[in-house]
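Here's the structure we're looking at; comments come further down.
All of the numbers you see were taken from the coordinates with simple rules; none came from a lab. What you see is a predicted model; the values in this text were computed from it and never measured. Glycine also receives a Cβ, built like all others from the backbone with ideal geometry; neighbour counts cover every protein chain displayed.
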Amino acid sequence: MSNFVDARRTVEYLRSYGMDARSLEIVGAGLRQASRRTAVPVVRLTATTALYGALLGVLAAVFVTLVAETTLTGLAVVVWGFVYGVLVGALWGMFRGLGRNRPEAVSTEIVPTRYEVRCPSDELSVARTLLANASDVDDGRIDRSVIADAPQPEEEHRNAA
């Protein structure tokens, strides 16, 4: 099964015919290591933090005009608060974005290439029969061959020894 959604649909289908949900498991198989760069759009981050800085600058300027005495008019203080807020916010966002886009900032994760639906060996024949004889599976949403072969009890003992 190629994706998790198909595996979940298969489990829901089996549950609808009375199989115990606690005994069915979706297992990722064919694991591979995937490296992905976590790219942060520096321009978007810079613009966003510049807007936040402008807002904080205007709020600080309004506070200054209400509390402190200045030689500037109230409008001039608000404009300078806006300008300084944009500058500080843009610099803050740019350095944050550049710091997150370092070449060594690569995230590595383990991702499955396919998914298997597993069940106990005593319910395996029931699950296979339900999937093989299902007339309502013909729309292609549920894969009939998704039930992976569960290890037999003898095989488990041989592997443990």
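Hey, among Ser35, Ser16, Ser2, which residue is of a type in the set (S, T, N, Q) and free of Cβ contacts under 8 Å to residues at least 24 places away in the same chain?
None of the other options fit; the residue is Ser16.
Which ones in the stretch 31-74 are assigned to a strand (DSSP E or B) and of a type in the set (D, E, K, R)?
If the condition is that a residue be assigned to a strand (DSSP E or B) and of a type in the set (D, E, K, R), then Arg32, Arg36, Arg37 are the ones that fit.
When the residues of the stretch 1-51 are filtered to those that are under 18 Å from Tyr115 (Cβ atoms) and among the polar types (S, T, N, Q), which remaining residue is surrounded by the fewest Cβ atoms within 10 Å (Cβ to Cβ)?
The selected residue is Gln33.
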